[in-house]
Amino acid sequence: MSEAIQDDQDLSGMPMMDNPVMPYLRQERIPHIWCPGCGIGTTVNCFTRAIEEAASDLDKLAIVSGIGCTGRVAGYLNLDSFHTTHGRAIPFATGLKLSNPELSVVVYSGDGDLFAIGGNHFMHAARRNMDLLVVCVNNFTYGMTGGQVAPTTPIGATQTTMPYGNFENPASLPFLADAAGATFVARWTVYHVRQLTRCFKEALGKKGFRFIEILAPCPTLFLRRNRLGDGVDMVRTYKEKSVLRNGADTKEVGLGLTGEIVVGTFVDRERPTWLESMNDHFGKVFGDRYSRYGG
Amino acid sequence: MSDPATVRKAKGTVFVKPEVCKGCSYCIEFCPTDCLEFSREFNAKGYHYPVLGTPDDCTGCGLCGLYCPDFAIFGARFKDIEVARVTAAARQASLDNPTS
Ligand SMILES: Cc1ncc(C[n+]2csc(CCOP(=O)(O)OP(=O)(O)O)c2C)c(N)n1
Ligand code: SF4
Ligand code: SF4
Ligand code: SF4
């Protein structure tokens, strides 16, 4: 095939199709601001494919983000989206869910937003089994503000606020979610696009506090500062270092700067959601005088 | 029939928006049949963008589109492209000729 034809993408009479992600994006905001090789956009493809395959009712699906590069996801998705303040995506989502229990509410944010400033909210929403799907794009750093150390930064990684390397013990997010009571806990990377799509779909179909951690490269701040190459080099590393271990003990899935990356679904269990517990409890206390709220 | 070992027929193709590509090479690196390569041209932002180097190898699996963080490429099977074309034509016809 001639070079000219390829470069012009002259597909000889073939109809131009639209990228399957397009109907789910606020087109006027595209192109997005993410850096070349940033993994966040890849997760958005998987998420939108999952809502398409799950045939989710888009009028009953809301997405809530905090602040950060990942926090911009809510602003790009053409759903009922809420871009809240830093760290407060989960309490906002809790209010949204409880005031309109019919909604399926997804929180989509970064590791700094969800586990540093917002860590306490995460713990309590999981403990109460609030009916939310929480998606964390973990790039091991604060991307938006210039690469400060995050609660997830591995020991030894250099960051603007840890110029001689990080010595703080990082949090293992699946372990935290499991210990706090999440009903579904999974980890994938942006290499695992098919598995991640399936995981989103599965989690969307479940109830309770569900948590998905997605490892994604931040080439501009995390990789460059640690001489880990470009985005694509990191995704290749994910491919090489990942080991699938469904049902793994979450105590054993911690991450280092190098070393294996355990992926899969670690927790899948049932517990009454906060609303179910409230209804059951008040039903017992007040008997017929109580009418259940939100099903 | 020609020798199947030498003749391969593409089952699909890709659609690229060169102007939004940021040259990250995810699509090229993770295409299962290795059929994409960088263009010789630059786009307006100065990035090389993907083109089909060996178009016959494209299966239309769509993985490039799942990987692309910039929504600049996606692949589709010819049979799905045909379905989309027929559906779009039918929709257009019913708009042009409203019967009821
Ligand atoms: C109350 C408050 N404190 C601090 C900030 C500054 N700030 C904005 S985003 C961010 C961290 C973002 O990191 P992360 O959640 O990991 O997202 P990423 O950008 O890496 O996707 C911080 C500290 C803020 N916006 N508001
Ligand atoms: S700074 Fe990092 S996380 Fe933010 S858009 Fe750039 S690569 Fe992505
Ligand atoms: S559709 Fe599949 S085979 Fe074709 S270029 Fe994309 S990834 Fe490769
Ligand atoms: S994955 Fe997208 S942005 Fe990256 S090189 Fe391919 S088309 Fe360009």
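The values are calculated or read from the model by the stated rules, or taken from the named source; none is laboratory data. Note that the coordinates shown come from a computational prediction; the quantities given were computed from them, not determined experimentally. Neighbour counts run over all protein chains shown; Cβ positions are idealised from the backbone, glycine included. Accessible surface is based on the protein model in full, side chains and every heavy atom, while ligands, DNA and RNA are left aside. Shrake-Rupley method; radii C 1.70, N 1.55, O 1.52, S 1.80 Å.
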With DSSP loop assignment and no more than 13 other C-beta atoms within 10 Å, the chymotrypsin sites (Phe, Trp or Tyr not before Pro) in chain B are B:PHE42
Rounded to whole angstrom, the alpha-carbon centroid of segment A:204-240 lies from that of segment A:126-198 at a distance of 9 Å
Expressed in angstrom and rounded, the centroid-to-centroid distance over alpha carbons for segment A:244-294 and segment B:10-33 is 39 Å
Note on segment A:8-167, DSSP bridge orientation, antiparallel percent to nearest 5 equals 25 percent
To the nearest 20 debye, segment A:38-289 has a Cα-centred charge dipole, built from +1 on Lys and Arg Cβ and -1 on Asp and Glu Cβ, of 240 debye
Reported to the nearest 10 Å², A:ARG245 has, with a 1.4 Å probe, an accessible area equal to 100 Å²
Accessible-area loss of at least 50 Å² (1.4 Å probe, chain alone to full protein assembly) applies in segment B:18-36 to B:LYS22, B:TYR26, B:GLU29, B:PHE30
In short, segment A:177-194 residues buried by 40 Å² or more of accessible area relative to the isolated chain (1.4 Å probe) are A:VAL193, A:ARG194
In segment A:38-289 the accessible area split gives carbon plus sulfur, as whole percent at 1.4 Å, a share of 51 percent
If every Lys and Arg gets +1 and every Asp and Glu gets -1 at its Cβ, then about the Cα centre chain B yields a dipole, in debye to the nearest 20, of 220 debye
Percent antiparallel among DSSP beta bridges confined to segment A:38-289, rounded to 5, stands at 20 percent
When the charge dipole of chain A is computed with +1 at the Cβ of Lys and Arg and -1 at the Cβ of Asp and Glu, the Cα pointing farthest to the positive end, of A:MET22, A:ASN139, A:ILE51, is that of A:ASN139
In degrees, nearest 10, the alpha-carbon axis of helix A:89-99 is tilted away from the dominant principal axis of the alpha carbons of chain A by 40 degrees
Share of accessible surface on carbon and sulfur in segment B:6-95, whole %, 1.4 Å probe and ligands ignored, is 57 percent
Those residues in segment B:69-83 that give up at least 40 Å² of accessible surface, probe 1.4 Å, once the partner protein chains are present instead of the chain by itself are B:PRO69, B:PHE71, B:PHE74, B:ILE81
Projected area averaged over all directions for the convex hull of the alpha carbon atoms of the protein assembly as shown, nm², comes out at 25.4 nm²
The protein assembly as shown accessible area per residue, 1.4 Å probe, protein heavy atoms, integer Å², reads 47 Å²
Check: C-alpha center segment A:20-60 vs C-alpha center segment A:68-107, spacing in Å is 15 Å
Log10 I(q)/I(0) at q = 0.14, 0.20 Å⁻¹ for segment A:150-295, from Debye over equal alpha-carbon scatterers, is -0.75, -1.21
Once the in-chain neighbours fewer than 8 apart are removed, the lysines whose Cα is under 28 Å from A:LYS241 read A:LYS201, A:LYS251, B:LYS22
Here the alpha-carbon Rg of chain B over 2.2 N^0.38 Å rounds to 1.33
Log entry, pair A-B: total buried accessible area, probe 1.4 Å, protein chains only, in Å² rounded to 100, is 3300 Å²
